[in-house]
Amino acid sequence: MAASTFFQQQAQNRRKSLLLAASVALLLAALGFAIGFGLTADPASAVAVTLGALALGVLLTLGSYYQGDRLVLAASRARPVTRDEQPQLYNVIDELAIAASVPVPAVYLIDDSAPNAFATGRDPQHASIAVTSGLLAKLDREELAGVIGHELSHVRNYDIRFALLVGVLVGSIALLADMFLRYTFWFGGGRRSRRDEGGGGGAQALIGVLALLLAILAPLIARLVQLSVSRQREYLADASSVELTRSPEGLERALAKIAGDPEVLEVANRATQHLYIVNPIKKFEARAHGLFSTHPPIVDRVNRLRSLRGVPPLPPAAEQAMAGED
Amino acid sequence: MLIVVIVVLAIVLLLIAVLIGLYNRLVKLRLRVDEAWSQIDVQLKRRHDLIPNLVNAVRGYMDFEQQVLTAVTNARAGAISAGAQGPAAAAAAENALTASLRSLFAVVENYPQLKANENVRALQEELTTTENRISFARQHYNVTTRDYNTATASFPSALIARQFAFSAREFFDAEPGAEAVPEVRLR
């Protein structure tokens, strides 16, 4: 975390998230191969199994790719808002769209006094940003710019698309593991080859056991990696926001304010928590130091922003206060 | 013998493809720079159009500060006419306009009734966003210039750049003496 320019931080975050995504793909391949080979001792069908699971995963996610925005906005009770209703919000978004050289996204408002924001959209041409009325009321212009910069960066870094990709892989792993475990549970001993596949016996049984192990562990591991990817992309969005605004203080103060606010966002739920700038489910935030969180801990995010300013990290007292407020 | 010919042909074709790719990338980056430059112009013109409204809105309230308003109006006229005289003159005129607007902002701070007025606040927001847009457009121009200049200077695209006359572009520097202007938070 010693990087001191947003270029360096961005490069690190991108590298880590790509490596993590690649490892999930590898896990899927390993699982598919183990299952296919364990069942039939035939490498070709092993490949077929993997591709089949992947195809199913893609099919299930296609709907989300094209219509996910609408679902998410409706689930969050976001309503479209016009330029006349919120001139300053539109101005801030316009300014940062110029800095980022992206089209201006659709703008939505969530009527809730808890400050928060999210962005959705598969690419900059199909993007939407939603902010709560609480955010507009409680943040000043510079802090709002930091938040909007973060959300716009999610769009221009194609984070939603990236998350969907990782989601497809994770979903395929879960599907494959589930089907395989059902198969061995109901038809048990199918691993013992009924036809003699000439010399495949010992290795096949071993791979079969491996397949079983992977089928149990892989979904969990994949989920953990997915959460790690989510955290890396959050750091990336923070650094990208600074690249746009050239002012880490705005985002820093905004994060502290949002995390410290006692109000609870009523429309938040497990399915949409990963989209917001700060995890809106308070008890999840408290466990933020763990591997099970979609967002990095606020203290770490603030300290990374402070290092961009060339300022030392938060002193222990302030750190306690901020962490305790979650 | 045939194999050798095929391999050599393949290598030559690959090389040509790479060269085309490098050339096209340089073209793309240079066009981005041109577009970013035009964006700055768009925002500067937007500012020209907004100023008469602002001046009229505050004119009634600021009896004693007429010279500030006159300075703004004159600077605006100067900027519009300097637009036709080339980039150096235009830049100088725009900087003068920015300076006069900052003085206006500083003065408005001294009039609490003016600050509280809804219309003035709306217009102040308009000017704030205009200054920010110009600033971000310039920032974006510098970003695209940086990327383009990096491509013209790095190996191997530097070879193509030299061959096809892709020259580096100048960065947009902050106006000289910007530090001397009174501290007014426009953001």
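The values are calculated or read from the model by the stated rules, or taken from the named source; none is laboratory data. Since this is a predicted model, take the numbers as computed values, not measurements. Glycine also receives a Cβ, built like all others from the backbone with ideal geometry; neighbour counts cover every protein chain displayed. Quick note on the areas: whole protein, heavy atoms, side chains included, nothing else; ligands and nucleic acids left out. Shrake-Rupley method; radii C 1.70, N 1.55, O 1.52, S 1.80 Å.
Would you mind telling me which numbered condition in (1) touching a residue at least 60 places away in the same chain (Cβ under 8 Å); (2) more than 30 Å from A:PRO313 (Cα to Cα); (3) not hydroxyl-bearing (Ser, Thr, Tyr) A:ALA44 fails?
A:ALA44 satisfies all of (1) touching a residue at least 60 places away in the same chain (Cβ under 8 Å); (2) more than 30 Å from A:PRO313 (Cα to Cα); (3) not hydroxyl-bearing (Ser, Thr, Tyr) except (1).
Could you grab me the full set of residues in the stretch B:82-98 that are open to solvent by 40 Å² or more (accessible area, probe 1.4 Å) and either closer than 16 Å to B:LEU127 by Cα or of a type in the set (Ser, Thr, Tyr) (or both)?
Selection gives B:ALA96 alone.
Taking A:ASP178 as the residue in question, decide whether it is in a helix (DSSP H, G or I), surrounded by 16 or more Cβ atoms within 10 Å (Cβ to Cβ), at pLDDT 80 or above and acidic (Asp, Glu).
Working: in a helix (DSSP H, G or I): yes; surrounded by 16 or more Cβ atoms within 10 Å (Cβ to Cβ): no; at pLDDT 80 or above: yes; acidic (Asp, Glu): yes.
In short, no.
Only one of (1) open to solvent by 10 Å² or more (accessible area, probe 1.4 Å); (2) away from chain B (no Cβ under 14 Å); (3) closer than 19 Å to A:ASN13 by Cα fails for A:PRO248. Which number is that?
Against the list (1) open to solvent by 10 Å² or more (accessible area, probe 1.4 Å); (2) away from chain B (no Cβ under 14 Å); (3) closer than 19 Å to A:ASN13 by Cα, A:PRO248 comes up short only on (2).
Of B:ARG25, B:ARG102, B:ARG32, which residue is open to solvent by 50 Å² or more (accessible area, probe 1.4 Å) and within 18 Å of B:GLN124 (Cα to Cα)? Can you show your working first?
Values: B:ARG25 fails: within 18 Å of B:GLN124 (Cα to Cα); B:ARG32 fails: within 18 Å of B:GLN124 (Cα to Cα).
Just a single option satisfies the conditions, and that option is B:ARG102.
Quick check on A:THR245: is it of a type in the set (Val, Ile, Thr) and touching a Gly at 6+ places or on another chain (Cβ under 7 Å)?
The answer is yes for A:THR245.
Among (1) free of Cβ contacts under 8 Å to residues at least 12 places away in the same chain; (2) surrounded by 13 or more Cβ atoms within 10 Å (Cβ to Cβ); (3) within 14 Å of chain A (Cβ to nearest Cβ), which single condition is B:SER38 missing?
Result: B:SER38 passes all but (2).
From A:ASP69, A:ASP42, grab the single residue that is touching a strand residue (DSSP E or B) at 6+ places or on another chain (Cβ under 6 Å) and modelled with pLDDT under 85.
A:ASP69
Please indicate, with yes or no, whether at least one residue in the stretch B:46-64 is surrounded by fewer than 16 Cβ atoms within 10 Å (Cβ to Cβ), of a type in the set (S, T, N, Q) and at pLDDT 85 or above.
no
Go through the stretch A:224-253 and count every residue that is hydrophobic (A, V, I, L, M, F, W, C) and in contact with a Pro (Cβ under 8 Å, 6 or more places away or on another chain).
Of the residues in that region, 1 qualify.
What are the pairs with Cβ atoms under 8 angstrom where one residue, in the stretch B:111-128, is more than 13 Å from every other protein chain (Cβ to nearest Cβ) and the other, located anywhere, is outside any helix (DSSP H, G or I)? Sequence gap at least six, or different chains.
B:TYR111/B:TYR61; B:TYR111/B:MET62; B:GLN113/B:TYR61; B:LEU114/B:TYR61; B:LEU114/B:MET62; B:LYS115/B:GLU109; B:ASN117/B:TYR61; B:VAL120/B:TYR61
Would you be able to say whether some residue in the stretch A:87-98 is surrounded by fewer than 15 Cβ atoms within 10 Å (Cβ to Cβ) and away from chain B (no Cβ under 14 Å)?
No, the stretch A:87-98 contains no residue that is surrounded by fewer than 15 Cβ atoms within 10 Å (Cβ to Cβ) and away from chain B (no Cβ under 14 Å).
Conditions tested, residue by residue: (1) of a type in the set (Gly, Ala, Ser); (2) touching a His at 6+ places or on another chain (Cβ under 6 Å); (3) within 30 Å of B:LYS28 (Cβ to Cβ).
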{"position": "B:LEU54", "(1), (2), (3)": "no, no, no"}
{"position": "B:GLY83", "(1), (2), (3)": "yes, no, yes"}
{"position": "B:ARG121", "(1), (2), (3)": "no, no, no"}
{"position": "B:THR128", "(1), (2), (3)": "no, no, no"}
{"position": "B:ILE134", "(1), (2), (3)": "no, no, yes"}
{"position": "B:GLN139", "(1), (2), (3)": "no, no, yes"}
